[in-house]
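Worksheet: one structure, shown below.
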Amino acid sequence: MSNHIDFGRLSYLGDRLKTGLATKQEKDEYMLILYRNGSITQKQYNEYLANGNKTNTDEIVNAALAVGAVLLIGYLIKEIFKGK
């Protein structure tokens, strides 16, 4: 798993998901970023992929949004203290 995340892209995709404007491709990319970072498990990622457009997918994506928000907050805190 890679620890390199494009936080700008993660934030953009998260915003698209929150507003309901994200395409299937953007949802897939968001979930893949979290999976590659180790923020969600392979089981969670596989469940997302297996569910396709089912209602359960929305629940998985909503949970992933919370994970992404925590990652972004951590990144911002790190950047704030990096400058000091």
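Read-outs: derived from the displayed coordinates by stated rules, not from any lab. This one's a predicted model, so the numbers in the text were calculated from it and none came from an experiment. Note that we place each Cβ from the backbone using ideal geometry, even for glycine, and neighbour counts take in every protein chain shown.
A few points about this structure:
- Near pairs, Cβ below 6 angstrom, 6+ apart or cross-chain, from the range 1-30 (in contact (Cβ under 8 Å) with a residue 12 or more places away in the chain) to any residue that is in a helix (DSSP H, G or I) and among the polar types (S, T, N, Q): ILE5/ASN37
- All positions within the range 16-34 that are of a type outside the set (A, V, I, L, M) and either touching a Pro at 6+ places or on another chain (Cβ under 8 Å) or surrounded by 12 or more Cβ atoms within 10 Å (Cβ to Cβ) (or both): ARG16, LYS18, GLU26, LYS27, ASP28, GLU29, TYR30
- Unmet criterion (only one of (1) over 13 Å from THR57 (Cα atoms); (2) under 12 Å from the mean Cα position of the chain (by Cα); (3) assigned to a helix (DSSP H, G or I)) for TYR45: (1)
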